[in-house]
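Asker: What follows is a structure written as structure tokens; I'll ask about it next.
The values are calculated or read from the model by the stated rules, or taken from the named source; none is laboratory data. It should be emphasised that the depicted structure is a prediction, and the values quoted were computed from it without experimental measurement. Note: ideal-geometry Cβ built from the backbone for every residue, glycine included; neighbour counts use all protein chains shown. Note: accessible area is taken over every heavy atom of the protein model, side chains too, but ligands, DNA and RNA are not part of it. Shrake-Rupley method; radii C 1.70, N 1.55, O 1.52, S 1.80 Å.
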Amino acid sequence: MKQIYVVLSQTGTVLSRILKSLTHDMYNHASISLDPSLETMYSFGRLNPYNPFIGGFVIEGKNHGTFKRFFKTKAIVLELSITDDKFHEIEKYLAFLVEHRYEYKYNYWGLFLALFKKNYAPGNRFYCSQFVRHCLEAFNIENIDEIPKIVKPMDFLSLNNKRIIYNGVLKDYRLGAGDAVTIN
């Protein structure tokens with residue numbers, strides 16, 4: 001068995017504060033990582049930490065890019081155990097996305113329509129939680145059907161196969177930070 005990580009975060013950017021006020025959710029960004037140190041995470045978000053208007057497929061890290069600029073980012077880290085075969089499939093898919101990252105765009109319409117409970121999911125456009133859900137669904141991760149198609153980051157807390165391994169400031173996360181934690 002191998003582990004993958006779903007990282008739910010709240011950066012405090014203007015957009016994240018707007019989403020928080022609309023959804024009333026504590027966290028409103030989602031990333032996926034195969035790296036237990038979270039130095040490499042994948043998502044859809046701002047391509048430049050200083051420009052919130054241009055988004056796409058991003059390679060993030062707990063200490064670089066947007067998370068470096070917004071160093072007080074709060075996060076919950078979920079650990080999911082998967083088979084070695086599924087891990088290697090996800091690894092190959094993410095490598096493909098990295099190689100073809102300019103063909104993938106941010107799903108601005110999908111995010112906007114999600115506020116009105118409308119699903120818009122063209123094949124090469126995602127918003128962050130839509131992308132994480134897509135990865136989990138494409139590789140048949142446990143109980144993904146319980147995650148709504150119009151997905152918010154907090155929805156990943158309903159995964160049965162998850163273990164919450166961290167809850168705190170993202171930059172303070174350390175590999176093996178401790179046992180499973182609870183959310184207040």
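Asker: Using the Kirkwood formula over every pair of different C-alpha atoms, what hydrodynamic radius in Å results for the range 37-84? Can you show the working numbers first?
Answerer: On the way: mean 1/r = 0.0840 Å⁻¹.
Its Kirkwood hydrodynamic radius stands at 11.9 Å.
Asker: For the range 107-156 and the range 1-55, write down the distance between their C-alpha centroids in whole Å.
Answerer: What the calculation gives is 14 Å, centre to centre.
Asker: If you don't mind, there's one more thing I want to ask. Considering only the other residues whose Cβ falls under 10 Å of the Cβ of A114, what net charge follows from Lys and Arg at +1 and Asp and Glu at -1?
Answerer: Values: positive: K117, K118, K149, K152; negative: none.
So the surrounding residues net to +4.
Asker: Around I54, under 12 Å between beta carbons, what's the net of Lys plus Arg minus Asp minus Glu among the other residues?
Answerer: Details: positive: R46, K105; negative: none.
Every neighbour counted, the sum reads +2.
Asker: In addition: State, as an integer percentage, the relative contact order of the range 79-184 based on alpha-carbon contacts under 8 Å between residues 6 or more apart.
Answerer: Working: 87 pairs, mean separation 25.3, N = 106.
The value is 24 percent.
Asker: Still on this model: For K72, go through the lysines and keep the ones whose alpha-carbon is under 29 Å away, minus same-chain ones fewer than eight residues off.
Answerer: Hits, sequence-local ones excluded: K20, K62, K105, K152, K162, K171.
Asker: Follow-up. Run the accessible area of the range 1-109 with a 1.4 Å probe and give the carbon-and-sulfur part as a rounded percent.
Answerer: Carbon and sulfur atoms account for 59 percent of the accessible area of the range 1-109.
Asker: In percent, what relative contact order does the chain have, based on Cα pairs under 8 Å that are 6 or more apart in sequence?
Answerer: Numbers: 342 pairs, mean separation 47.3, N = 184.
Normalised by residue count, the contact order of the chain is 26 percent.
Asker: Are there any chymotrypsin sites (Phe, Trp or Tyr not before Pro) in the range 76-149 that are in a DSSP loop and have at most 10 other Cβ atoms within 10 Å? List them by number.
Answerer: Values: sites: F87, Y93, F96, Y102, Y104, Y106, Y108, W109, F112, F116, Y120, F126, Y127, F131, F139; in loops: Y104, F116, Y120, Y127, F139.
Loop-located and lightly packed - F116.
Asker: Something else about it: Measure off, as a whole percent, the carbon and sulfur share of the 1.4 Å-probe accessible area of the range 126-168, all protein chains present.
Answerer: On the range 126-168, the fraction of accessible area on carbon and sulfur atoms equals 47 percent.
Asker: Follow-up question, since we're still on this one. Are there GluC sites (Glu not before Pro) in the range 94-152 that DSSP puts in a loop and that have at most 14 other Cβ atoms within 10 Å, and which ones? Don't skip to the end; give the middle numbers.
Answerer: Details: sites: E99, E103, E137, E142, E146; in loops: E142.
Filter output for the range 94-152: E142.
Asker: Can you return the aspartates and glutamates within cross-link range of K86? Criterion is Cα-Cα under 18 Å, with same-chain partners fewer than 8 residues away left out.
Answerer: D35, E137, E142, D145
Asker: Compute the accessible area per residue over the chain, keeping the other protein chains in place, probe 1.4 Å, unit Å².
Answerer: Working: 9610 Å² over 184 residues.
Here the per-residue accessible area is 52 Å².
Asker: I've got another one for you. What percentages make up the Cα-Cα pair-distance distribution of the chain when the bins are 5 Å wide from 0?
Answerer: 1, 8, 18, 23, 22, 18, 8, 2
Asker: Within 15 Å, Cβ to Cβ, of L15, how many net charges do the neighbouring residues add up to if Lys/Arg are +1 and Asp/Glu are -1?
Answerer: On the way: positive: R17, K20, R46, R69, K152; negative: D25.
For residues surrounding L15, the net value is +4.
Asker: So what's the back-of-envelope 222 nm ellipticity for the chain, counting only DSSP H runs of four-plus at -39500 (n - 2.57) apiece and dividing by all residues, rounded to 500? If you can, show how the numbers build up before the last one.
Answerer: On the way: 5 runs with 48 residues, N = 184.
Taking each H run of at least 4 residues, the total per residue is -7500 deg cm²/dmol.
Asker: Rounded to whole Å and sorted largest first, what semi-axes of the equivalent ellipsoid does the C-alpha gyration tensor of the range 69-162 yield via the square root of 5 times each eigenvalue?
Answerer: Details: eigenvalues 86, 66, 49 Å².
They are 21, 18, 16 Å, listed largest first.
Asker: Looking only at Cα atoms, what is the convex hull volume of the range 1-110 per residue, in Å³?
Answerer: Numbers: hull volume 11.8 nm³, N = 110.
Per residue, the Cα convex hull of the range 1-110 comes to 107 Å³.
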